[in-house]
Amino acid sequence: MSFKQSVKPITYLKNHTADLVRDVCEEGRAVMITQNGEAKVVVMDVETYGRWRDAMALLKLVAQGEADVTAGRTVSQKEALERAQAAIERTAGDAPLSVENRG
């Protein structure tokens, strides 16, 4: 995306709000709004915002994982799988009996 094509002054937002919202939704692109020549806010459609939030959450998990590796907070693949299996078994033991298992 070219920011040059997606930058509008705040007066454009004030005078053409409905048009801007329609364009953002139809084109699925974000528009940067400037005030006194400085970038101040970004207008984007809900779907784009949702994808952005999902991407940020994933990046946060990656950063946390990298910090864990750097700090030596890791386990072997075998141990991780054993822990996961034990957690699954504990959870399955807590689940209510299904109709078939009530015998």
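Values quoted throughout were computed directly from the atomic coordinates according to the rules given, and no laboratory measurement underlies them. Nothing here was measured: the structure is a model prediction, and the numbers come from that model. For neighbour counting, all protein chains shown are included, and Cβ atoms are generated from backbone atoms with ideal geometry for every residue, glycine included.
Taking other C-beta atoms within 10 Å as the exposure proxy, 20, 61 rank 61, 20 from fewest upward.
Rounded to the nearest 5, the antiparallel percentage of DSSP beta bridges internal to the chain is 60%.
With the dipole of the chain worked out from charges on the C-beta (+1 for Lys and Arg, -1 for Asp and Glu) around the Cα centre, which of 81, 69, 36 lies farthest toward the positive end? Ranked along the dipole, the leading option is 36. Taking all Cα pairs closer than 8 Å and separated by 6 or more residues, the relative contact order of the chain comes to 17 percent. Taking amide H positions as modeled 1.01 Å from N, with prolines and chain starts lacking one, the residues under 5 Å from residue 7 and 5 or more places away or on another chain are 32. The largest-to-smallest principal axis extents of the Cα set in the chain are 68, 44, 19 Å.
Note the angle between two axes, namely the Cα long axis of helix 17-27 and the longest principal axis of the Cα atoms of the chain, as a number of degrees from 0 to 90, rounded to the nearest 10. The answer is roughly 50 degrees. Note on residue 78: aspartates and glutamates with a C-alpha under 19 Å away, same-chain residues under 8 apart excluded, are 68, 89. With all pairs of different C-alpha atoms in the average, the Kirkwood value for the hydrodynamic radius of the range 48-95 is 13.2 Å. When the square roots of the Cα gyration tensor eigenvalues are ordered a ≥ b ≥ c, the ratio a/c for the range 3-44 is 1.5 or more and a/b does not exceed b/c, which makes its shape oblate. About the centre of its Cα atoms, the chain shows a dipole size close to 320 debye [charges on the beta carbon of Lys, Arg (+1) and Asp, Glu (-1) only; nearest 20 debye]. Seen against the Cα atoms of the chain and their longest principal axis, helix 46-70 is set at about 50 degrees. With neighbour counts taken as other beta-carbon atoms within 10 Å, the residues 76, 6 rank, fewest first, as 76, 6.
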